[in-house]
Amino acid sequence: MLIAVDPGHGGKDPGAVVGDYKEKDINLNIALKIRDILVKENISVIMTRDKDETVDLQQRCDIANKSKADYFISIHCNNFTDPSANGTETYAYPRSLAGRNLAQYVQNEIVEMLKTTNRGVKYESFYVLKHTIMPAILVETAFMSNPQNLDLLLQKPDAFAQGIANGTIKFLKSVNYKQTDDIEKLQMKGIIDKHYDPKSYVTWGEFASVILKILGGR
């Protein structure tokens, strides 16, 4: 399992700026902590950046795509002209069911961990969501423009990272359980001959045999 973790902005692009605080730094701090948590759970991680450097949107997608990452998680902070706006929201590409499910798990865990306002899961065609070839989400952790949210981002980056990591891990476990259960059902129905690892590859010969069994040809 390989997760691409993408700290938004960086280098010449600071993202949102509130006083002395820059979004790019907060994003990177949280993202590095996510990496460390996932690695301890034996989940491989590739970073689109691991320092303060400029990485454009296409480069971020290329890093994830070329690495053949299984999932992509982009970390951002929100910002708005009205300082009363607050809370956490997570975005997924509307055509990706897996992305939408991952977003819901992550959203739930952040809100549970930080008690931030739940702004829900939303669907957009943001560049990094549309141009990555794996299920992808973009997390708006909290609003830098809201004083209380900014305090959380500065004082509790570990909690944000833990929430995002927990959501990711729970999602991965749910996917693996569902796939394993589906394989067992096919085996019981005689459509496949043995139990397969959900991540193992299927040859064209095996695929043809399964289709013929479904069609009643064998």
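The values are calculated or read from the model by the stated rules, or taken from the named source; none is laboratory data. Treat the numbers as computed from the prediction; the structure is a model and nothing was measured. Note: ideal-geometry Cβ built from the backbone for every residue, glycine included; neighbour counts use all protein chains shown.
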**OP:** Scan region 38-73 residue by residue and report those that are of a type in the set (Val, Ile, Thr) and within 14 Å of the chain's Cα centre (by Cα).
**Re:** ILE43, VAL45, ILE46, THR48, ILE73
**OP:** For LEU114, state whether it is surrounded by fewer than 24 Cβ atoms within 10 Å (Cβ to Cβ), closer than 21 Å to LYS24 by Cα and aliphatic (A, V, I, L, M).
**Re:** yes
Original post:
Identify, please: which residue in region 5-41 is among the β-branched types (Val, Ile, Thr) and within 20 Å of PRO83 (Cβ to Cβ) and is, among those, surrounded by the fewest Cβ atoms within 10 Å (Cβ to Cβ)?
Top reply: VAL17
**OP:** Please verify whether region 27-34 includes one or more residues that are touching a helix residue (DSSP H, G or I) at 6+ places or on another chain (Cβ under 9 Å), assigned by TED's automatic domain parsing to the domain that holds PHE160 and closer than 20 Å to LYS173 by Cα.
**Re:** yes
Original post:
Hey, any hits in region 15-24 for a residue that's under 22 Å from MET144 (Cα atoms), assigned to a loop (DSSP other than H, G, I, E, B), touching a Leu at 6+ places or on another chain (Cβ under 9 Å) and assigned by TED's automatic domain parsing to the domain that holds MET144?
Top reply: yes
Original post:
Counting only residues that are of a type in the set (Asp, Glu) and touching a strand residue (DSSP E or B) at 6+ places or on another chain (Cβ under 9 Å), which one in region 26-71 is farthest from ASN146 (Cα to Cα)?
Top reply: ASP70
Original post:
Restricting attention to region 83-98, does a residue exist that is small (Gly, Ala, Ser), touching a Pro at 6+ places or on another chain (Cβ under 6 Å) and either over 19 Å from LEU172 (Cα atoms) or in a loop (DSSP other than H, G, I, E, B) (or both)?
Top reply: yes
